[in-house]
Amino acid sequence: MPIVKPPHPDATLEPFDGGVGVLTRDGEVHGHVATTLSWFWSPFSPLRKQWWVWYIVVWNDGAREPSTEDYPPFLAVTEMRSGYLDVESAALTRNGRYDFAWLPPTERDAMLARLGISASEF
């Protein structure tokens, strides 16, 4: 039996496991967000792994924000669950709140390929 236990199951994090969402403002698509779900070991909870979400924002013109990590208490995850994402962009003109919605699984893989995102980028 392993000493370090897996993270507590959390079905609400399932959409973040290879998910892709759309960022809109005033009904206009500005970009997409790709997410991945993983875990990490934390010294604050030394006997249990913690969930860890990484996400990448890709703008319509192909520009990308650096990949960003989110972990408990899950600030960005909470925003996306609530239907928005506050983006802090290197290009200040892109800063701000965007509406967020998940793409259906049937469109996700095609969008990941179109955006050119691979697992190594998270």
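The values are calculated or read from the model by the stated rules, or taken from the named source; none is laboratory data. Just so you know, these numbers come straight off a predicted model, no measurement behind them. Glycine gets a Cβ as well: all are built from the backbone with ideal geometry, and neighbour counts include every protein chain shown. Just so you know, the surface numbers come from the protein's heavy atoms only, side chains and all, with ligands and any DNA or RNA stripped out. Shrake-Rupley method; radii C 1.70, N 1.55, O 1.52, S 1.80 Å.
Size descriptors for the chain (Cα atoms only): Rg and Dmax, in that order, 15.2, 52 Å.
Per-residue SASA remark: Val57, around 10 Å² accessible (1.4 Å probe; ligands, DNA and RNA not included). Once you list every other residue whose beta carbon is under 15 Å from the beta carbon of Pro105, what net charge do they have if Lys and Arg are +1 and Asp and Glu are -1? Taking every Cβ under 15 Å from that of Pro105, the sum is -3. Surface analysis of the stretch 43-122 yields an accessible area of 62 Å² per residue, using protein heavy atoms and a 1.4 Å probe.
Between the stretch 1-80 and the stretch 81-103, how far is it from one alpha carbon centroid to the other, in angstrom? Taking the Cα centre of the stretch 81-103 as reference, the centre of the stretch 1-80 is 14 Å away.
Considering only Pro72, Pro46, Pro104, the mean-square fluctuation computed in a Gaussian network model of the chain, springs between alpha carbons under 10 angstrom, is largest for Pro46. For the stretch 83-122, rounded, prolate or oblate, judged on the Cα gyration tensor with a ≥ b ≥ c (square roots of eigenvalues), a/c < 1.5 rounded, else prolate if a/b > b/c? Oblate, because a/c is 1.5 or more while a/b does not exceed b/c. Could you tell me which of Val4, Val29, Met80 has its Cα farthest along the dipole of the stretch 1-84 towards the positive end, charges placed at Cβ (Lys, Arg +1; Asp, Glu -1), taken about the Cα centre? Value: Val4. For Ser89, the residues 5 or more places off, or on other chains, whose built amide H falls under 5 Å of its own are Asn95, Gly96. Apolar share of the accessible surface for the chain: 58 percent from carbon plus sulfur atoms, 1.4 Å probe.
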